[in-house]
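Report on one structure; see the data block that follows.
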Amino acid sequence: MTPTSRTPTSTTASSRRQVLAGAAASAGLIAMPGLLRAQAPSIKLGILQPVTGALAQDGEYGRLGAEIAINEINAAGGVKSMGGAKIQMVFGDARSNPEGGVSEVERMQAEGVAAIVGGFASPICLAASQAASRYDIPYVVDVGVSDQIVNRGLKNTFRLGPGFGTVTAAALDNLAKINEAAGRPAKTVVIVHEDGLFGSGLAKLMQTELPKRGFEILETIAHPTPSRDMSNVALRIRSLNPDLLIPSSYYAEFVLLARTMQQQRIRPKGVYAVLNGAASNFRFVKEFPDAANLVMDCNHWADPRKARTAAVKAEAEKGGRFWLYNTPLNYSCVRLVADAIERAGSADRAKVTEALTNSTFADHIMPYGPTKFVNGQNTGAGPVNTQVQNGDIKVIFPTEFADAKAVFPAA
Amino acid sequence: MLKTDIILAALANGLMSGAVYALIALGLTLVYGVLHIINFAHGATLTAAMFAVFVCHQVLKLDPYLAVFVLTPLFFGLGYAVQRYVINPASHGDDSNILLVTLGLSIIIENALLAGFRSDTRSIDVPYGFSVVEIGGLFLSTPKLIAFAASFAVAGLLGLILLRTDTGKAIRAVAKEKTGAALVGIDVNHVYAVTFGLGAACLAIAACLLMPTYLVNPRSGNAFVLVAFTIVVLGGMGSIAGALAGGLIIGVVESLSGLFLGESLGQIGIFLIFILVLLLRPTGLFGARA
């Protein structure tokens, strides 16, 4: 681009003011040729999220995290090893299904992205990372917890967060510890789960693992998504009167259940969710502080000890948005990829993949420590136990960085 | 074996949910009875009405039960205008075109809501949201009881409008024989639009009754539409009494089969009824013989 091409004098209908402004601008550019030379080509980064369809809420908060990270990196001077190259987002809407994810990967390939971040749901991540592997595009999974994602031997696929096996093992161990510490008040359990892949898989695991840890499962109640009414489920819980309720549902259904339970005055000693859609969602906490109070969750969560967490949270909450785990995870994944590009000194896919494989990135805001990928899985990743306490979401486990003690049993 | 108080509670719940289903089905059955088309935009309109209740509550600080008096005329007007100035001109008198136009409208409404409100699931917190009426060990949710009574009142009012007023008589005349109605000087296009407006108004009322206990996101109306279709078929296409009875039956069936078969299988009860009605009594409970 030459400086003169910026001036609007070539257009016939320009006013005198425009001509003057254009002339001034080009004069400025001529005076500072260094600025133009420093304008390195931008690096395209694919951000894949479901922002329409059933998973739209999660996708939107994922995109938000990616946006915050990209803005931050660009404002701090871009990728320095590539002459300050800016990161340019190529956004794709996965439309809440695997086919949508794959077609967006194809488009991102056509646009020449250096890497792709996102996917959210396991089925989308599975399909999209496989499609990306055909073009050797490095793919960083943001959430997708299915263990299959990193067990297929795909060289291009990386996951910063923990997988299903890690999360559930930690969830069960922490539950046993919390119960132990309180003098084992909880013996009986009712499991409520959505009847899709996620909820059913979790329920099946609970059924085999909980009895080993001294809990008796009274009943496992499945419900469809979407559900118009959770009254029946609440009635069953009331008649079974369990010590502990373990729900694995998406946001809307859990909110309905929690509200119905409050209305029907059903108060178990504890509500312990695993990878739940609502129990670590500030919208729920703010809208129904009473129904949400003391609900525990084992889920992804940003590290409250890290200095940048508060800044990202403040940025995310602008404009009435809420703080969900999708935002810090995507923020961290984008930072991870940017770090790999920085170290590779190139947007070349093979070099970025190699840089990711050897990554020891510690500047993320998740509670993991420096990354260490084995077969694409970050081995240091783990979940966090949170509890809603008086309108806030507190970390109650692991104890190293807990900012509150578990309130259990609930009075 | 389940205790009787749980079965009773499930029964009461089914009746209360069923009444709101009936209200949603009323709009659908009315439009079908008069215009002889299925309005595919019904679910999206319900979602829009629920968002309208949400906005009234958040921005204007208007209680959902007071919002009824604002939103019902508003949605009547919107329904009237959409039928008169969008659906009717776009259809060129062909019924299959109307189907496509309403389908297109539903996509536009849903995505406009997605663009305007984002995809978050929202609910409103009203002081009576958690209040219950205790009857013999049953905790009946007050908002649901109100919805139950209001649905009957609306159905009764709609019945009166159709039976007693001139507009109602015109609607019935057009439903029976539109060419004949046009010949005696009834403005058929106006009647079509009024009917559509009434359908939308029913949805506005349903939305106001639902929001104190339910939630809204750009897709939440769809959860009710399939049930409403079943109710219309069960009750008889175009019948108000049928919609009311059908709604209550479906509500109870859904609740009890959910209780006995589990929530996932509970939906089977609804569709079993749907198939049985189509096989054994295709005109529905109150439908006129074809």
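Hey, could you check the range A:181-211 for residues that are charged (D, E, K, R) and either within 31 Å of the chain's Cα centre (by Cα) or within 25 Å of residue A:143 (Cβ to Cβ) (or both) and say which is farthest from the other protein chains (Cβ to nearest Cβ)? Give the derivation first.
Step one: filter the range A:181-211 for residues charged (D, E, K, R), giving A:184, A:187, A:194-195, A:204, A:209.
Applying the additional criterion that residues be either within 31 Å of the chain's Cα centre (by Cα) or within 25 Å of residue A:143 (Cβ to Cβ) (or both) yields A:194-195, A:204, A:209.
Numbers: A:194: 9, A:195: 4, A:204: 14, A:209: 22 Å.
Selected residue: A:209.
So how many residues does the range A:259-273 have that are in contact with a strand residue (DSSP E or B) (Cβ under 6 Å, 6 or more places away or on another chain) and within 10 Å of chain B (Cβ to nearest Cβ)? Show your work before the answer.
Going through the range A:259-273, the residues in contact with a strand residue (DSSP E or B) (Cβ under 6 Å, 6 or more places away or on another chain) turn out to be A:263-264, A:268, A:270-273.
Adding the requirement that they be within 10 Å of chain B (Cβ to nearest Cβ) leaves A:263-264.
Residues that pass the stated criteria total 2.
Do any helices (runs of 4 or more DSSP H) lying entirely in the range B:96-197 carry at least 3 residues that are surrounded by 13 or more Cβ atoms within 10 Å (Cβ to Cβ), in contact (Cβ under 8 Å) with a residue 12 or more places away in the chain and under 17 Å from the mean Cα position of the chain (by Cα), and which ones are they?
On the way: elements: B:142-164, B:166-176, B:178-183.
Helices (runs of 4 or more DSSP H) meeting the threshold: B:142-164.
Of all residues in the range A:380-404, count the ones that are outside any helix (DSSP H, G or I), out of contact with any helix residue (DSSP H, G or I) (no Cβ under 9 Å at 6 or more places or on another chain) and surrounded by fewer than 16 Cβ atoms within 10 Å (Cβ to Cβ). Give the derivation first.
First pass over the range A:380-404, keeping only residues outside any helix (DSSP H, G or I): A:380-398, A:402-404.
Still in the running and out of contact with any helix residue (DSSP H, G or I) (no Cβ under 9 Å at 6 or more places or on another chain): A:380, A:386-387, A:389, A:394, A:402-404.
Imposing the further condition that a residue be surrounded by fewer than 16 Cβ atoms within 10 Å (Cβ to Cβ) reduces the set to A:403-404.
Of the residues in that region, 2 qualify.
Would you be able to tell me the number of residues in the range B:56-81 that are modelled with pLDDT of 95 or more and more than 21 Å from residue B:151 (Cβ to Cβ)?
The total comes to 4.
Just one of A:121, A:171, A:115, A:176 is at pLDDT 95 or above and among the aliphatic types (A, V, I, L, M); which is it?
Details: A:121 fails: at pLDDT 95 or above; A:171 fails: at pLDDT 95 or above; A:176 fails: at pLDDT 95 or above.
Going through A:121, A:171, A:115, A:176 in turn, the sole match is A:115.
Looking only at the range A:186-224, count how many residues are closer than 20 Å to residue A:260 by Cβ, in a loop (DSSP other than H, G, I, E, B) and out of contact with any helix residue (DSSP H, G or I) (no Cβ under 8 Å at 6 or more places or on another chain).
Looking only at that region, the number is 0.
Confirm whether residue B:87 is touching a helix residue (DSSP H, G or I) at 6+ places or on another chain (Cβ under 9 Å), hydrophobic (A, V, I, L, M, F, W, C) and either within 14 Å of chain A (Cβ to nearest Cβ) or within 22 Å of residue B:216 (Cβ to Cβ) (or both).
On the way: touching a helix residue (DSSP H, G or I) at 6+ places or on another chain (Cβ under 9 Å): yes; hydrophobic (A, V, I, L, M, F, W, C): yes; either within 14 Å of chain A (Cβ to nearest Cβ) or within 22 Å of residue B:216 (Cβ to Cβ) (or both): no.
No, not satisfied.
Out of the range A:226-253, which residues are at the interface with another protein chain (Cβ under 10 Å from one of its Cβ atoms), surrounded by 21 or more Cβ atoms within 10 Å (Cβ to Cβ) and under 25 Å from the mean Cα position of the chain (by Cα)?
Correct list: A:227, A:250, A:251, A:252, A:253.
Taking the condition of being within 14 Å of the chain's Cα centre (by Cα) and under 21 Å from residue B:171 (Cα atoms), how many residues in the range B:206-247 meet it?
Residues that pass the stated criteria total 11.
State whether one or more residues within the range B:177-193 are acidic (Asp, Glu) and within 13 Å of another protein chain (Cβ to nearest Cβ). So that I can check it myself, show each step before the final result.
Of the range B:177-193, the ones acidic (Asp, Glu) are B:177, B:187.
Cutting the leftovers down to within 13 Å of another protein chain (Cβ to nearest Cβ) gives us none.
No - not one qualifying residue is present in the range B:177-193.
Condition first: of a type in the set (A, V, I, L, M), within 14 Å of another protein chain (Cβ to nearest Cβ) and under 13 Å from the mean Cα position of the chain (by Cα). Now tell me which residues in the range A:57-99 satisfy that.
Of the range A:57-99, the ones of a type in the set (A, V, I, L, M) are A:64, A:66, A:68-70, A:73, A:75-76, A:79, A:82, A:85, A:87, A:89-90, A:94.
So of that shortlist, the ones also within 14 Å of another protein chain (Cβ to nearest Cβ) come out as A:64, A:94.
Answer for the range A:57-99, where residues must be of a type in the set (A, V, I, L, M), within 14 Å of another protein chain (Cβ to nearest Cβ) and under 13 Å from the mean Cα position of the chain (by Cα): just A:64.
The values are calculated or read from the model by the stated rules, or taken from the named source; none is laboratory data. Values in this document were obtained by computation on a predicted structure and should not be read as measured data. Virtual Cβ from ideal backbone geometry, glycine too; neighbours counted across all protein chains shown.
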